[in-house]
1. Could you grab me the full set of residues in segment 101-127 that are crowded, with 22+ Cβ neighbours inside 10 Å, of a type outside the set (A, V, I, L, M, F, W, C) and farther than 14 Å from Thr177 by Cβ?
2. Could you please find all residues in segment 135-176 being within 18 Å of Met1 (Cα to Cα) and of a type outside the set (A, V, I, L, M)?
3. Looking at Ala206, Ala242, Ala188, Ala169, which one is modelled with pLDDT under 95, loosely packed, with under 13 Cβ neighbours inside 10 Å and not basic (Lys, Arg)?
4. Quick check on segment 76-100: of everything there that is in a strand (DSSP E or B) and hydrophobic (A, V, I, L, M, F, W, C), which residue is farthest from Glu200 (Cα to Cα)?
5. If we keep just the residues of segment 62-88 that are more than 19 Å from Glu109 (Cβ to Cβ) and acidic (Asp, Glu), which is modelled with the highest pLDDT?
6. Quick one: how many residues across segment 24-47 are over 20 Å from Tyr125 (Cα atoms) and either touching a residue at least 24 places away in the same chain (Cβ under 8 Å) or of a type in the set (S, T, N, Q) (or both)?
Amino acid sequence: MKIIVAIKQVPVRDSQLRPDGSGKWIQETDLSFEINEPDAYALEEALQLKEKHGGEVIALCAGPARAAQTIREALAKGADRAIHIEEENLNTLDTLGVAKLLAAAAKTENPDLFFTGLQSDDLGYGQTGVVVAELLGMPHSTIIMQVNVDGPTITVKRELEDGWFQLIAMPLPAVLTIQSGINKLRYATLMGIKKAKTKEIKRVTAAELGGVPKSIAVIEKIYVPQKTKQAQIFEGDPKESAAKLVEKLKFEVRVI
């Protein structure tokens, strides 16, 4: 079984984010980066399926040169090899543009399964896996909490609302977006870190995959929300004032 796992490098959580000079992206100079947490769970699920059924796990990452650190982490945890789509201006691409690059790289591998995390910690669109499935012409399912392989088919458990779940049988090949918490993440061992140095990382450019896709959705401006304080006094008897307060909290502040 061949499983491709799309991973993304994102700023470390709780980083202090500031708009850059262009006002269209964040200032990355002083930031530290890590693997996107939902993608880490997708990688772990792929590694566990490999341990049960054999095959190989391929980490697929689109991003600038610094993304090599995240790719090495995936290899150290157990991925067999990796594909790095070198694109310095990945932030200028929308979901469709990124998905086109990932799908183009995956086509040459003919995977049985293609995993992504449910969403990214930076943009959080939650669309990439679904768009990749459409581009590859594969069936897909989202918010996956469990994967069972049975020959040419799989059964997946989807998380719904209010504690409900859904079981779906799907043919292979397929694309799945993995929910965080599906399993317990492993740490890279010292042996794994040493082996990662000798594992293959295939580097390709967007031009080699057909060129940089044209984005339909474009970020026009990134800014820090203005923090303001405002006091409002409700006049009248207590009952009327209470009713006005409840209305404000419901429809303007939206906290009740």
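1. Hit for segment 101-127 is Pro111, nothing else.
2. To start, the set of residues in segment 135-176 that are within 18 Å of Met1 (Cα to Cα) comprises 136, 138-140, 146-156, 169-176.
Pro139, His140, Gln146, Asn148, Asp150, Gly151, Pro152, Thr153, Thr155, Pro171, Pro173, listed by residue number.
3. Values: Ala206 fails: loosely packed, with under 13 Cβ neighbours inside 10 Å; Ala188 fails: loosely packed, with under 13 Cβ neighbours inside 10 Å; Ala169 fails: modelled with pLDDT under 95.
Answer to the selection: Ala242.
4. Here is the first cut: in segment 76-100, the residues in a strand (DSSP E or B) are 81-86.
Remaining after also requiring hydrophobic (A, V, I, L, M, F, W, C): 82-83, 85.
Working: Ala82: 6, Ile83: 8, Ile85: 14 Å.
Step by step, filter segment 76-100, then rank; the result is Ile85.
5. Ranking the candidates gives Glu73 first.
6. Residues in segment 24-47 being over 20 Å from Tyr125 (Cα atoms) and either touching a residue at least 24 places away in the same chain (Cβ under 8 Å) or of a type in the set (S, T, N, Q) (or both): 7 in total.
The values are calculated or read from the model by the stated rules, or taken from the named source; none is laboratory data. Quick caveat, the model's predicted, so the values are computed rather than measured. Cβ atoms come from the backbone with ideal geometry, glycine included; neighbour counts cover every protein chain shown.
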